[in-house]
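First the structure, in the form of structure tokens, and then the observations on it.
Computed from the coordinates by the stated procedures, all read-outs in this text should not be read as laboratory data. Note that the structure is predicted; figures quoted are calculated from it, not measured. Here the Cβ positions follow ideal geometry from the backbone for every residue, glycine too, while neighbour counts run over all protein chains shown.
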């Protein structure tokens, strides 16, 4: 059985996750939730309340914009698209993630050598 990732581990990264998905194309809530589950190979399932909280915060910050789609495929859906500000935030967050991942790998997996112990 595949382990699940804890919500605490993901919590600080939901903004970046949503921006990454929207950077690849406009989408709506349900489709984004399905994409998150798919990208995580089923290890993470975002709940709707969390997702819509992220949408509100991103829209308030000018990082995404929303619009109503047409009704050709059933009910009217609210779509979200990334803005230029959102793309800048995504770039910054991805760079920060790469740095943090490197530091955390060293802290969790790193070996203490004789020189470090003398400090």
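Side notes on the structure shown:
- When restricted to residues that are surrounded by 12 or more Cβ atoms within 10 Å (Cβ to Cβ) and over 10 Å from the mean Cα position of the chain (by Cα), the stretch 7-21 contains 1.
- Checked against the criteria, residue 8 counts as closer than 19 Å to residue 101 by Cβ, in a helix (DSSP H, G or I) and without any contact (Cβ under 8 Å) to a residue 40 or more places away in the chain.
Yes/no matrix, rows are residues, columns are (1) surrounded by 12 or more Cβ atoms within 10 Å (Cβ to Cβ); (2) in contact (Cβ under 8 Å) with a residue 12 or more places away in the chain; (3) part of a helix (DSSP H, G or I); (4) touching a strand residue (DSSP E or B) at 6+ places or on another chain (Cβ under 6 Å):
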| site | (1), (2), (3), (4) |
| --- | --- |
| 31 | yes, no, yes, no |
| 46 | yes, yes, no, no |
| 52 | yes, yes, yes, no |
| 58 | yes, yes, yes, yes |
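- Residues within the stretch 34-44 that are under 21 Å from residue 59 (Cα atoms) and surrounded by 17 or more Cβ atoms within 10 Å (Cβ to Cβ), tallied: 2
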